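Written out below as C-alpha cells is the structure these notes cover.
The values are calculated or read from the model by the stated rules, or taken from the named source; none is laboratory data. Being a predicted model, the structure only gives us computed values, none of them experimental. Here the Cβ positions follow ideal geometry from the backbone for every residue, glycine too, while neighbour counts run over all protein chains shown. The area values use the complete protein model at the heavy-atom level, side chains included, leaving out ligands, DNA and RNA. Shrake-Rupley method; radii C 1.70, N 1.55, O 1.52, S 1.80 Å.
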Amino acid sequence: QTELLDLSTVDVILISNYHCMMALPYITEYTGFTGTVYATEPTVQIGRLLMEELVNSIERVPKAQSASMWKNKEVQRLLPAPLKDAVEVSMWRKCYTMPEVNAALSKIQLVGYSQKIELFGAVQVTPLSSGYALGSSNWIIQSHYEKVSYVSGSSLLTTHPQPMDQASLKNSDVLILTGLTQIPTANPDGMVGEFCSNLAMTVRNGGNVLVPCYPSGVIYDLLECLYQYIDSAGLSNVPFYFISPVANSSLEFSQIFAEWLCHNKQTKVYLPEPPFPHAELIQTNKLKHYPSIHGDFSNDFKQPCVVFTGHPSLRFGDVVHFMELWGKSGLNTVIFTEPDFSYLDALAPYQPLAMKCVYCPIDTRLNFIQVSKLLKEVQPLHVVCPEQYTQPPPTQSHRTDLMIDCQPPPMSYRRAEVLTLPYKRRYEKIEIMPELADSLVPLEIKPGISLATVSAVLHTKDNKHVLQLPPKPPQPPTSKKRKRVSDDVPECKPLKPLLSGSIPVDQFVQTLEKHGFSDVKVEDTAKGHIVLLQEAETLIQIEEDSTHIICDNDEPLRVKLRDLVLKFLQKF
C-alpha cells in the first residue's frame with residue numbers, strides 16, 4: 001500500500017519473524033527508505049534462507065518473455081480465478097535478486113530479547129520472545145509513562161523456540177494484536193498425529209509421501225515427531241529426503257541457535273548433544289538432504305520414500321516435479337501442513353489428480369481461547385486488532401467463540417486505515433541538575449505535602465529534558481563606558497509569590513460589606529461565581545484557577561479589592 005505511505009519517511013521497521021520480512025528488499029532497495037530495520041539474529045539468518053530459496057527456485061525457470069497486458073483491469077476480469085480476484089496487480093513486481101537480498105539484510109541491526117533500544121530519545125523499543133519460531137519477537141514500544149505492545153505471530157504451545165514472554169506485556173496502555181492462527185478449529189497436536197498416521201499408512205501400502213513445506217519452522221517439529229514415531233510404526237527403512245537449495249544451512253542453523261531454543265533443548269547443548277534429533281537421523285542415513293533433484297539426489301533416490309520440499313504454494317520449486325511424477329498414482333499422498341495457502345487452490349492446476357490429498361494444517365499461533373486467556377493475564381487498557389477478529393468467520397457465522405471478546409471491546413481496523421490510538425502522552429520526564437535541586441526550599445502547605453518554586457532554564461536535546469540553573473544576573477559595569485546593545489543580558493526579574501487556595505464566596509461578601517461596599521450581588525456561573533458591586537460598577541469574577549477584578553479606570557479601588565482577595569489566599 002505504497003500510495004498511502006511514503007516509505008522514505010519511515011524511520012524504523014521492526015520485524016516480528018522471518019515470514020514477515022519476505023518483501024524487505026523491495027522496501028530497502030526501491031523506495032528511498034533510509035531508516036533502520038531491527039530484527040533478531042535467527043530471524044535474519046532464516047529469513048535469508050527463505051529468500052534465497054525463493055530467488056533460486058524462480059531463477060531456475062527463466063521466462064523468455066514477460067507479460068504485463070493481463071494487468072489491464074478489462075483483461076484481468078476475464079481471466080480465471082484466482083487471477084481475476086487478485087488485488088492491486090499493477091503493483092506486482094518481478095522477484096528480487098540475491099544481490100538485492102544481501103543489500104537489504106546488510107541494513108538490519110541485530111537485537112537480542114529484552115534489549116532496550118532508544119529511538120531518537122522519544123521512545124524505547126524492546127523485542128520479547130513470542131514463542132512461535134526461532135527468534136520471533138513481540139515488540140514493546142514505550143515512553144516513560146506510556147506503553148504500547150505489538151503482539152504478532154505468538155504461540156503458547158511448547159515447540160522448539162523459546163517460550164512466549166507474557167509477563168513483560170503487562171501494564172500496556174494499548175495492545176495491538178495480529179497474526180493469530182489461520183485455522184482456529186484445528187488443534188496442532190491432533191494434526192501432527194494425523195500427519196504421522198497418514199504418512200505411515202501410505203508408505204506401508206508402497207506409496208510415496210510428498211510434504212510441501214518451508215525449509216525452516218514446522219519441518220523441525222515434524223522431523224522430531226517422526227524420529228519418535230519411525231521405529232514404533234515400522235518405518236525405519238523408509239528414506240526421508242529434504243530437498244531445498246538451503247536444506248543443509250537450515251538443518252545446521254537450527255542446531256547452533258541454542259540460546260533461542262526452549263529450555264530442554266538448551267540443556268542438551270551443554271551435555272553436549274545436538275538439540276534437535278534430526279542430527280541423529282542424518283548420521284544414521286534416515287534423513288538425507290539435497291540442494292535440488294538434479295545431481296546426487298537422482299542417483300540416491302529410492303521409493304517408497306518421504307520428500308519434504310518447497311514451495312507450499314505448489315507453483316514453483318522442486319515440489320512441482322514431484323506433483324507431476326507422483327500425481328497419477330492413487331498409492332501416493334501429498335500432505336499439506338503449511339496453513340498459508342488454500343490446498344484446493346494449490347492443487348487446482350494439477351487436476352485431475354489420482355494421488356490422495358491430506359490437509360493437516362499445523363499452525364501453532366494463538367487461537368481465540370488462548371487470546372482471551374492472554375488478555376485476562378496481561379490486562380491491557382485497550383486492544384487494537386484487525387476487523388476480521390471482531391466477528392465470527394464468514395463461513396461459520398454461528399461460531400461466536402471464534403472472535404476476540406474483551407472489555408472494553410477491541411478497536412478494529414481495516415487494511416490501509418489510519419488509526420488514532422486511544423491514549424495521549426500527558427507527561428514527560430524532566431531531569432533536574434543537582435546544583436539546582438540543592439537550591440530548592442520546600443514549604444509544607446498541608447501535612448505531608450511540600451511545595452517548592454523552581455526558576456530554571458529548560459534545556460531540550462534529542463527529546464531529553466534537563467532543568468539547569470538560570471543565568472546569574474549581570475554585574476553592574478565598573479567603568480563608565482557605554483554598553484554596546486548586543487551585550488545586554490536579559491534581566492532576571494524578581495519572582496512574584498505564587499498563590500494557592502480557594503476563595504469562600506460568602507465570607508468574601510461579608511468582608512466586602514465590612515469594608516463599606518453595600519449592594520453586593522452574587523451570581524453563579526458554569527466555572528465559578530461573579531460578585532457584582534453595583535454602586536461602584538465593578539465586577540469580580542471568581543473561578544477555580546483565576547480571579548479577575550473588572551472596574552472602570554479606578555486604580556485605587558482595584559488595589560483595595562485585590563488586597564481583600566489576597567487575604568483569602570496562601571502565598572509561597
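What is the one condition in (1) of a type in the set (D, E, K, R); (2) closer than 26 Å to Val61 by Cα; (3) open to solvent by 60 Å² or more (accessible area, probe 1.4 Å) that Arg204 does not satisfy?
(2) is the only condition that Arg204 fails.
Based on what the data block shows, is Leu83 surrounded by 17 or more Cβ atoms within 10 Å (Cβ to Cβ) and of a type in the set (A, V, I, L, M)?
When the stated conditions are applied, Leu83 does not pass them.
Would you confirm, using the coordinates I've provided, whether Leu325 is surrounded by fewer than 17 Cβ atoms within 10 Å (Cβ to Cβ), touching a residue at least 60 places away in the same chain (Cβ under 8 Å) and more than 30 Å from Gln391 (Cα to Cα)?
Here the answer is no, as Leu325 does not meet what is asked.
Residues in region 187-199: is at least one more than 30 Å from Ser397 (Cα to Cα), surrounded by 23 or more Cβ atoms within 10 Å (Cβ to Cβ) and either in contact with a Ser or Thr (Cβ under 6 Å, 6 or more places away or on another chain) or in the same structural domain as Phe336 (by the TED database) (or both)?
The answer is yes, given that some residue of region 187-199 is more than 30 Å from Ser397 (Cα to Cα), surrounded by 23 or more Cβ atoms within 10 Å (Cβ to Cβ) and either in contact with a Ser or Thr (Cβ under 6 Å, 6 or more places away or on another chain) or in the same structural domain as Phe336 (by the TED database) (or both).
Tell me yes or no: at least one residue of region 252-259 is closer than 20 Å to Ile46 by Cβ and part of a loop (DSSP other than H, G, I, E, B).
Yes, region 252-259 contains at least one residue that is closer than 20 Å to Ile46 by Cβ and part of a loop (DSSP other than H, G, I, E, B).
Spot the failing condition for Arg315; the list is (1) modelled with pLDDT under 95; (2) open to solvent by less than 60 Å² (accessible area, probe 1.4 Å), and only one is missed.
(2)
For region 344-372, name all the residues that are among the hydroxyl-bearing types (Ser, Thr, Tyr) and assigned to a helix (DSSP H, G or I).
Of everything in region 344-372, those that are among the hydroxyl-bearing types (Ser, Thr, Tyr) and assigned to a helix (DSSP H, G or I) turn out to be Tyr350, Ser372.
Which of (1) at pLDDT 90 or above; (2) more than 17 Å from Ser216 (Cα to Cα); (3) out of contact with any Gly (no Cβ under 6 Å at 6 or more places or on another chain) is the odd one out, the single condition Gln266 does not satisfy?
Of the numbered conditions (1) at pLDDT 90 or above; (2) more than 17 Å from Ser216 (Cα to Cα); (3) out of contact with any Gly (no Cβ under 6 Å at 6 or more places or on another chain), the odd one out for Gln266 is (1).
Scan Pro470, Pro490, Pro477, Pro504 and give me the residue that is at pLDDT 85 or above and more than 30 Å from Thr538 (Cβ to Cβ).
When all the criteria are applied, what remains is Pro470.
Restricted to region 433-453, and to residues that are touching a Pro at 6+ places or on another chain (Cβ under 8 Å) and open to solvent by 60 Å² or more (accessible area, probe 1.4 Å), which residue is nearest to Ser500 (Cα to Cα)?
It comes out as Leu451.
Return the only residue of Ile282, Ile230 being more than 36 Å from the chain's Cα centre (by Cα) and either open to solvent by 20 Å² or more (accessible area, probe 1.4 Å) or without any contact (Cβ under 8 Å) to a residue 24 or more places away in the chain (or both).
Ile282
Among (1) part of a loop (DSSP other than H, G, I, E, B); (2) under 30 Å from Cys213 (Cα atoms), there is one condition Pro380 misses while meeting the rest; what is its number?
All conditions pass for Pro380, except number (2).
Which of the residues that make up region 11-27 are open to solvent by 40 Å² or more (accessible area, probe 1.4 Å) and either at positive phi or not aliphatic (A, V, I, L, M) (or both)?
Listed by number, the residues that qualify are Asp11, His19, Cys20, Tyr26.
Among the residues of region 86-123, which ones are under 21 Å from Pro25 (Cβ atoms), surrounded by 13 or more Cβ atoms within 10 Å (Cβ to Cβ) and aromatic (Phe, Trp, Tyr)?
Tyr96
Could you pull out the residue among Pro291, Pro245, Pro239 that is more than 35 Å from the chain's Cα centre (by Cα) and touching a residue at least 12 places away in the same chain (Cβ under 8 Å)?
Step by step, each of Pro291, Pro245, Pro239 is checked, and only Pro239 is more than 35 Å from the chain's Cα centre (by Cα) and touching a residue at least 12 places away in the same chain (Cβ under 8 Å).
Going through region 505-551 one residue at a time, which ones are open to solvent by less than 30 Å² (accessible area, probe 1.4 Å) and outside any strand (DSSP E or B)?
Listed by number, the residues that qualify are Val505, Phe508, Val509, Thr511, Leu512, Phe517.
If Lys302 satisfies all but one of (1) assigned to a helix (DSSP H, G or I); (2) in contact (Cβ under 8 Å) with a residue 60 or more places away in the chain, what's the number of the condition it fails?
Lys302 satisfies all of (1) assigned to a helix (DSSP H, G or I); (2) in contact (Cβ under 8 Å) with a residue 60 or more places away in the chain except (1).
Applying the selection to region 444-456, what residues are in contact with a strand residue (DSSP E or B) (Cβ under 6 Å, 6 or more places away or on another chain) and in contact (Cβ under 8 Å) with a residue 12 or more places away in the chain?
If the condition is that a residue be in contact with a strand residue (DSSP E or B) (Cβ under 6 Å, 6 or more places away or on another chain) and in contact (Cβ under 8 Å) with a residue 12 or more places away in the chain, then Ile445, Leu451, Ala456 are the ones that fit.
With respect to Ala133, is the statement that it is within 27 Å of Glu29 (Cβ to Cβ), crowded, with 17+ Cβ neighbours inside 10 Å and either touching an Asp or Glu at 6+ places or on another chain (Cβ under 9 Å) or among the basic types (Lys, Arg) (or both) true?
no
Among the residues of region 404-417, is there at least one that is on the phi > 0 side of the Ramachandran plot, in a loop (DSSP other than H, G, I, E, B) and open to solvent by 40 Å² or more (accessible area, probe 1.4 Å)?
Yes, the conditions are met somewhere in region 404-417.
Could you tell me how many of the residues in region 28-59 are open to solvent by 40 Å² or more (accessible area, probe 1.4 Å) and among the aliphatic types (A, V, I, L, M)?
Counting residues in region 28-59 that are open to solvent by 40 Å² or more (accessible area, probe 1.4 Å) and among the aliphatic types (A, V, I, L, M) gives 1.
What number goes with the only condition from (1) out of contact with any strand residue (DSSP E or B) (no Cβ under 9 Å at 6 or more places or on another chain); (2) in a loop (DSSP other than H, G, I, E, B) that Ser292 does not pass?
Of everything listed in (1) out of contact with any strand residue (DSSP E or B) (no Cβ under 9 Å at 6 or more places or on another chain); (2) in a loop (DSSP other than H, G, I, E, B), Ser292 misses just condition (1).
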